[in-house]
């Protein structure tokens with residue numbers, strides 16, 4: 001096993017919650033910025049991290065007004081008084 005890093009190989013330490021840091025030069029070469037979404041997949045004993053091929057993000061950011069509307073719709077009716 002070669003322990004010396006090369007331009008396309010690097011040893012990375014796994015931190016709490018499984019976090020790793022991609023080397024800065026790789027992020028720059030691949031155009032990865034803070035907040036970008038990347039795709040990771042497991043191929044046997046290999047981990048492959050791919051950059052996005054488009055601006056599509058698999059999530060949606062809701063506006064404050066939309067969230068307020070969701071909360072209004074989700075509110076339970078006031079409890080009716082117990083019959084004595």
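The values are calculated or read from the model by the stated rules, or taken from the named source; none is laboratory data. For clarity, every value in this text was computed on a predicted model and none was experimentally measured. With ideal geometry, Cβ positions are generated from the backbone for all residues, glycine too; neighbour counts draw on all protein chains shown.
Look through region 22-46, keep the residues that are under 20 Å from residue 7 (Cβ atoms) and loosely packed, with under 10 Cβ neighbours inside 10 Å, and return whichever of them is modelled with the lowest pLDDT. Spell out how you get there, then give the answer.
Applying the first criterion (under 20 Å from residue 7 (Cβ atoms)) to region 22-46 yields 22-32, 38, 46.
Narrowing further to those that are loosely packed, with under 10 Cβ neighbours inside 10 Å: 24, 31, 46.
Values: 24: 94, 31: 91, 46: 94.
By that ranking, first place goes to 31.
State the number of residues belonging to region 48-84 that are under 25 Å from residue 8 (Cα atoms), exposed (fewer than 10 other Cβ atoms within 10 Å of the Cβ) and either in contact with a helix residue (DSSP H, G or I) (Cβ under 6 Å, 6 or more places away or on another chain) or at pLDDT 90 or above (or both). Can you show your working first?
First, the residues of region 48-84 that are under 25 Å from residue 8 (Cα atoms): 48-54.
This time we only want the ones that are exposed (fewer than 10 other Cβ atoms within 10 Å of the Cβ), so: 48, 53-54.
Remaining after also requiring either in contact with a helix residue (DSSP H, G or I) (Cβ under 6 Å, 6 or more places away or on another chain) or at pLDDT 90 or above (or both): 48.
Residues meeting the conditions: 1.
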